[in-house]
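Read the structure below first, then the notes.
Read-outs: derived from the displayed coordinates by stated rules, not from any lab. In this text the structure is predicted, and so the values were computed from the model without any measurement. Reconstructed Cβ throughout: ideal geometry from the backbone, glycine too, with neighbour counts over all protein chains shown.
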Amino acid sequence: MTGELAAVEELLTGARTRRQVIRAYRRLRAGDEPVRDGPYARGAAAGYRWALGAPGGAPVTGATVHGAVDMETLMAEVDAAVVQLDDPALPPDAARHTQGVHDALAWICGISDDRP
């Protein structure tokens, strides 16, 4: 069973291994990252959970995905976050949440080396 778990953790989620994404999520939730609470951290955590296949809709669009989230779907959510962030009417807390989602998913996709 341990070998199977290790194999699953090495599967890619975007451009990162599931192990990397799980580790980033755990660090964020444990407060090991500089930004550990507030809308930005909650957004980043939502992005990590969704990318790992947690039930529920996507963190920006609310779209539901059955099965693993592939790179195309991850990128579509990053794009939706960019569009939402360009809306000047977006309230500040919602903007920080969306920025957290964006940054987590951009890191997962390999667009950014900066992990939230």
Net charge within 13 Å of R96 by Cβ-Cβ distance, Lys/Arg positive one each and Asp/Glu negative one each, not counting R96 itself? -2
On the principal axes of its Cα set, how long, how wide and how thick is the chain? Give whole Å, largest value first. 50, 30, 24
With springs only between Cα atoms under 10 Å apart, run a GNM on the chain and tell me which of A94, A30, A104 wobbles the most. A30
